[in-house]
Structure formats: C-alpha cells, structure tokens
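Heads up: the structure comes next, in structure tokens.
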Amino acid sequence: QVQLVESGGGLVQPGGSLRLSCAASESIFNFNAMGWYRQAPGKQRELVALINVGGSTSYADSVKGRFTISRDNAQNTVNLQTNSLKSEDPGVYYCYSRLLRREWWGQGTQVTVSS
C-alpha cells in the first residue's frame, strides 16, 4: 500500500502562491502517473494536473499558465507550484498516483484563498 502525504496548503491572498508537495512512501520511479486533484465544498473532485512517467504534463484549462507540476523521482515527491491564485482555486488538494491499474490517494491539504 503506497502512502501519500501532502503538505504546503494554507491561507493565501488572491494573487498569491503556494507550493504543494506530496511525499510517497516508496519509489515513484515507475509510477505511470502522479498528479493533483482538488475538491471544493459542494463540488466533485476535479483534475488539476498530471505528470506521467516520461515527464509529460497535462493541466485543467482553469489552471494552465498558473500552476506547474513536477516530480522528483529521487526524492519520491510530486510538487505543484500554484501561482496567481484566484477565488475559484480553493479546496482540498489531493495527491494521486497510479501504477498500472492500482491507484492511491493522499488525505488532502486545504488551500484557502481570501483577502
């Protein structure tokens, strides 16, 4: 069972930045994909960003140009740099990983955007 632990969430003003980090309990070198999802109150969980084993990335349209996902296979971490945060970005951000048909989720980290 892979454990994923997120960190880096918090309260930030509109236009601010946060760097979210997800640490895996084992090597992610061969993981097919890792990424971040978010869930706002009353809404479904949605994809924010994914990065595959080859380093290719994909983003939700709403965060393109503002968020950057990266993975560090040596440190077994995946990070999400969030810039220019907007009022529509808050929610619980969950780390996700997939190896073949197996998937794992972290417990989530809260991101709040407020002035």
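The values are calculated or read from the model by the stated rules, or taken from the named source; none is laboratory data. The shown structure was predicted, so the numbers you read here are calculated from the model rather than taken from an experiment. So basically every Cβ, Gly included, is an ideal-geometry build from the backbone, and we count neighbours across all protein chains shown. Side chains are part of the model used for accessible areas, which takes the heavy atoms of the whole protein and leaves out ligands, DNA and RNA. Shrake-Rupley method; radii C 1.70, N 1.55, O 1.52, S 1.80 Å.
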Worksheet, complete the sentence: In whole percent, the fraction of accessible protein surface over the chain that belongs to carbon or sulfur atoms, probe radius 1.4 Å, stands at 45
Fill in: Estimated distance in nm for a label pair at A74 and E88, the labels positioned 7 Å out from Cα along Cα-to-Cβ
3.8
Discussion item. Past the 15 angstrom mark, what percentage of all C-alpha to C-alpha distances in the stretch 53-115 do you count?
Written reply: 61
Discussion item. Can you tell me, using C-alpha contacts under 8 Å and at least 6 residues apart, the relative contact order of the chain as a whole percent?
Written reply: 37
Worksheet entry | Cα extents of the stretch 4-115 along the three principal axes, largest first (Å) | 41, 26, 23
Discussion item. Before I look further, what does the chain give for accessible area per residue, probe 1.4 Å, in whole square angstrom?
Written reply: 54
